[in-house]
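A short worksheet on the structure shown next.
The values are calculated or read from the model by the stated rules, or taken from the named source; none is laboratory data. The model shown is predicted, which means the values in this text are computed figures rather than measured ones. No Cβ is skipped: glycine too gets one built from the backbone with ideal geometry, and neighbour counts run over all protein chains shown.
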Amino acid sequence: MNQHVVEVTLENARQVLIEESMQRLVVVDFWADWCAPCKALLPVLEKLAAEYDGQLLLAKVNADQQPDIAAQFGVRSLPTVILMRDGQPVDAFQGAQPETEVRRLLEKHLPQPWEGLLDEASRMLQAGDAAGALPLLREAYEASGQSADIAMALAQVLIELNRCDEAETVLKGIGKAHQGPAYAQLLDLLAERRANARSPELEALEQAFAERPEDGELALRLARQYRSEHQYEAALQTLLDVLRRDLGFADGAARQEFLDTLNTLGKGDPLAARFQRQFFNLLY
């Protein structure tokens with residue numbers, strides 16, 4: 001017997017239908033032995049209960065043996081399936097349904113796979129660890145099909161980390177239907193962050209480098225300053241230009257700085273992955 005399937009009786013009804021639904025979705029299947037559509041639907045429900053592996057409980061109620069429970073739920077035909085959450089019915093259907101339709105209905109009420117990522121990211125942000133929250137938000141953003149709400153949370157963290165170009169790319173991907181007051185506030189925050197992003201030291205190095213673009217030592221100092229101010233894309237691009245001219249520049253110092261910057265971004269970061277590919281092209 002599937003461990004996520006239970007037979008409901010008067011003795012366990014409260015625990016299964018009320019208390020259990022406080023913890024997870026309970027799918028209550030009212031059926032009977034004489035009901036052919038019930039027998040067609042039951043394997044579908046059991047399969048999905050096994051597949052979702054603990055996210056839901058399938059509670060089977062034999063309406064002939066438990067008429068009082070069926071009456072309490074107002075069941076008038078079989079099969080009837082009622083979805084319970086927090087002690088209350090939240091959805092229902094009658095008759096045998098195809099698996100695709102049952103799955104669609106269940107997924108409306110089941111936790112989304114990215115919700116755990118968002119919870120963990122939120123805990124990290126509350127602890128002041130924006131850098132730790134970033135990869136979790138990226139994963140949730142992709143897993144959710146680039147949800148607008150998650151996109152705005154991701155953009156806010158990118159802005160906080162001074163990764164303004166990446167934040168702008170994320171914000172541009174948000175459709176007009178979601179460009180409300182919160183979106184406008186993020187654009188203002190992005191503009192403000194950009195206006196205050198450059199330290200006097202960085203501006204001086206940029207000006208000097210603009211005048212001497214072939215000066216590798218100056219480029220290396222500029223890249224280090226970019227990294228210290230979390231402008232990783234600019235740092236990596238500056239270093240890559242140096243390495244294209246001389247892969248062993250400064251006894252390997254430019255190469256090491258490039259690798260250190262990639263490590264700062266962390267494994268799986270799309271910016272790091274993009275520059276890593278370009279670096280491999282230089283090597284091979």
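Here are the numbers for the structure shown:
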| quantity | calculated |
| --- | --- |
| Failed item, numbered, when A182 is tested on (1) in the same structural domain as A131 (by TED's automatic domain parsing); (2) more than 26 Å from A131 (Cα to Cα); (3) of a type outside the set (K, R); (4) touching a helix residue (DSSP H, G or I) at 6+ places or on another chain (Cβ under 7 Å) | (2) |
| Residues satisfying the stated conditions in segment 127-146, i.e. on the phi < 0 side of the Ramachandran plot, outside any helix (DSSP H, G or I) and in contact (Cβ under 8 Å) with a residue 12 or more places away in the chain | S144 |
| Flag for Y183 being hydroxyl-bearing (S, T, Y) and crowded, with 19+ Cβ neighbours inside 10 Å | no |
| Qualifying positions in segment 73-126 - free of Cβ contacts under 8 Å to residues at least 40 places away in the same chain, assigned to a loop (DSSP other than H, G, I, E, B) and small (G, A, S) | G74, S77 |
| Segment 228-260, subset over 26 Å from Y284 (Cα atoms) and not small (G, A, S), residue surrounded by the most Cβ atoms within 10 Å (Cβ to Cβ) | Q231 |
| Condition check for T169: assigned to a helix (DSSP H, G or I), more than 14 Å from the chain's Cα centre (by Cα) and within 24 Å of D53 (Cβ to Cβ) | no |
| Selection count where residues are over 16 Å from P79 (Cα atoms) and touching a helix residue (DSSP H, G or I) at 6+ places or on another chain (Cβ under 8 Å), scope segment 99-111 | 3 |
| Pairs with Cβ under 7 Å, 6+ apart, first in segment 255-277 and over 18 Å from R163 (Cα atoms), second small (G, A, S) and modelled with pLDDT of 95 or more | E257/A223 |
| Qualifying residue in segment 119-140 (condition: surrounded by fewer than 21 Cβ atoms within 10 Å (Cβ to Cβ), under 30 Å from E46 (Cα atoms), under 11 Å from the mean Cα position of the chain (by Cα) and not assigned by TED's automatic domain parsing to the domain that holds R24) | yes |
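For (1) touching a helix residue (DSSP H, G or I) at 6+ places or on another chain (Cβ under 6 Å); (2) surrounded by 15 or more Cβ atoms within 10 Å (Cβ to Cβ); (3) closer than 22 Å to Q112 by Cβ, each residue gets a yes or a no:
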{"residue": "R24", "(1), (2), (3)": "no, yes, yes"}
{"residue": "L41", "(1), (2), (3)": "no, yes, no"}
{"residue": "D53", "(1), (2), (3)": "no, no, yes"}
{"residue": "L83", "(1), (2), (3)": "no, yes, yes"}
{"residue": "Q94", "(1), (2), (3)": "no, yes, no"}
